[in-house]
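Note sheet for the following structure.
The values are calculated or read from the model by the stated rules, or taken from the named source; none is laboratory data. Just so you know, these numbers come straight off a predicted model, no measurement behind them. Every residue, glycine among them, receives a Cβ derived from its backbone with ideal geometry; neighbour counts consider all protein chains shown.
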Amino acid sequence: MKLKEFEGKELFTKSGISTSKGILIRSLDELNQIDFNTSTFIAKVQTLQGGRGKKRGVRIVSNRQDAEAFVNEFLGKEFHGELVQEILLDEKIEILKELYLGLLFDTKKRVPIFIFSEQGGVDIEELQLNSPNKIIVEEINILKGLTKENCEELLSKSSFTEEVNFKLQKVMKNLWKCFTQFDCKMLEVNPLVITKDNSLIAIDSVVVLDDDANYRREIKFSKRMDDRKKTPREIAANKIDENDPKGVAGKTFIDLDGDIGILTSGGGASMTLMDALLEYGGKAANFTEYSGDPSREKVQQLTRIVLSKENLSGLLVAGVIANFTNIKETLTGVADVLIELKPDYPIVIRRAGPHDTEAKIMLAEIKDNYGLDIHYFDEKTPMTKSAEIIVELSKKYKQKKGVTQ
């Protein structure tokens, strides 16, 4: 379960992490209780999507008229396919420096991973691609928890003052507390800002909870989807992992009304990919993920379900740079189904990691042998660019077929 910004900040606050002060707006009338004469706010739509700023879902408001215009524009309306039910008016903070903190669970190694960067406020996947030396990653022993040595290693390349260093280590420890106490699969503070008085404040949050631990979590959140029955494709995908514990394939599968099939890998980056697809004018036919080095057979099953939808205009297979997933093995599972079905629409694959060179050769061979329209890209091409490419190829495919856009 992914939380909205204000929900994630609630967990941060309970864990001892200072957050920007905000006022949650659920109706236009609530603006009457706010004094705009003494404060300037950052208005933010509250959705589960990333990249709100690029989509004009974040704006400075310095008076009641600006705030009313923002609320009227977004509240109760669809924002890139998602209904906006809350607006957050966040205090405007004078920022000295932006940092990035992240915690996620590595399903292959079965250990938590702590990530730190002095360059916050940017997409971590793009930072990993363009400036990997600016990212520090530390594995955490689940039995020992986050230690002083872990914190020192994460900050080993930094040159903060003693005061900021001490405060930053405290935030790291509190983020670990949040991760374990609330059974999180992923946490991001991006950015964590340093102010002119050396305060450290989280001004945004990304939190993904482990649904299997909902029964014991002291704080309850509303469901992310309505109570509709699962579709047959969703049910079939959810069953893939039942008899094979290696890796994950299809645990999350949501049928959508678009025409571009999606196979993602990479946790939070998967949401970035979906956001980019929308931004470039594409519509996904589904959302699903595979990770943790699943078997070829599991990826086959998931691919077959994704491609079972009628009237697809493209397939996008994309993920972050893998550390442990065998790229050739998993993409062979995709290739098996492509050979079987022989789709005539474009297929864009953006994958990198162990055995990716062999995967590239294998895909080139089946492209030539079976006449498939495969376009393969490695880590030199950002995930967001792969989304742009499939949208353009999909448009050309539909034009050629005479399909109305």
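Key figures for this structure:
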read-out	value
Filter result for THR40 (in contact (Cβ under 8 Å) with a residue 40 or more places away in the chain, of a type in the set (Ser, Thr, Tyr) and outside the structural domain of LEU278 (by TED's automatic domain parsing))	yes
Residues of the range 133-143 that turn out to be assigned to a loop (DSSP other than H, G, I, E, B) and closer than 23 Å to ILE194 by Cα, as a count	0
Subset of the range 310-323 that is hydrophobic (A, V, I, L, M, F, W, C) and under 22 Å from the mean Cα position of the chain (by Cα) - its residue that is farthest from GLY247 (Cα to Cα)	LEU315
Qualifying position, being touching a helix residue (DSSP H, G or I) at 6+ places or on another chain (Cβ under 7 Å) and closer than 25 Å to ASP244 by Cα, among ASN286, ASN326	ASN286
Which listed residue, of GLY51, GLY16, is of a type outside the set (A, V, I, L, M, F, W, C) and modelled with pLDDT under 95	GLY51
Residue in the range 347-355 that is modelled with pLDDT of 95 or more, touching a Phe, Trp or Tyr at 6+ places or on another chain (Cβ under 9 Å) and assigned to a helix (DSSP H, G or I) present	no
Selected residue (only one of ALA335, ALA322 is of a type in the set (Gly, Ala, Ser), without any contact (Cβ under 8 Å) to a residue 60 or more places away in the chain and out of contact with any Lys or Arg (no Cβ under 9 Å at 6 or more places or on another chain))	ALA335
Residue check, ALA213 surrounded by 12 or more Cβ atoms within 10 Å (Cβ to Cβ), out of contact with any Phe, Trp or Tyr (no Cβ under 8 Å at 6 or more places or on another chain), part of a helix (DSSP H, G or I) and modelled with pLDDT under 85	no
Set ILE113, ILE87, ILE140, ILE124: member being of a type in the set (Val, Ile, Thr), within 23 Å of GLY247 (Cα to Cα) and buried (at least 18 other Cβ atoms within 10 Å of the Cβ)	ILE140
Enumeration of residues in the range 266-304 that are polar (S, T, N, Q), assigned to a helix (DSSP H, G or I) and at pLDDT below 95	SER270, THR272
Count of the range 362-402 residues which are in a loop (DSSP other than H, G, I, E, B) and over 31 Å from the mean Cα position of the chain (by Cα)	2
Test: LYS170 is within 20 Å of LEU96 (Cβ to Cβ) and either at pLDDT 95 or above or in contact with a helix residue (DSSP H, G or I) (Cβ under 7 Å, 6 or more places away or on another chain) (or both)	yes
Conditions (1) more than 18 Å from LYS21 (Cβ to Cβ); (2) surrounded by 15 or more Cβ atoms within 10 Å (Cβ to Cβ); number of the one not met by ILE95	(1)
Answer residue from the range 358-384, given it is surrounded by fewer than 19 Cβ atoms within 10 Å (Cβ to Cβ) and at pLDDT below 95 and is nearest to THR332 (Cα to Cα) among those	ASP378
Residue identified as loosely packed, with under 14 Cβ neighbours inside 10 Å and in contact with a strand residue (DSSP E or B) (Cβ under 6 Å, 6 or more places away or on another chain) among LYS21, LYS77	LYS21
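For (1) closer than 29 Å to ALA236 by Cα; (2) in contact with a strand residue (DSSP E or B) (Cβ under 8 Å, 6 or more places away or on another chain); (3) of a type in the set (Lys, Arg), each residue gets a yes or a no:
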residue	(1), (2), (3)
LEU302	yes, yes, no
LYS309	yes, yes, yes
ALA322	yes, yes, no
ILE361	no, no, no
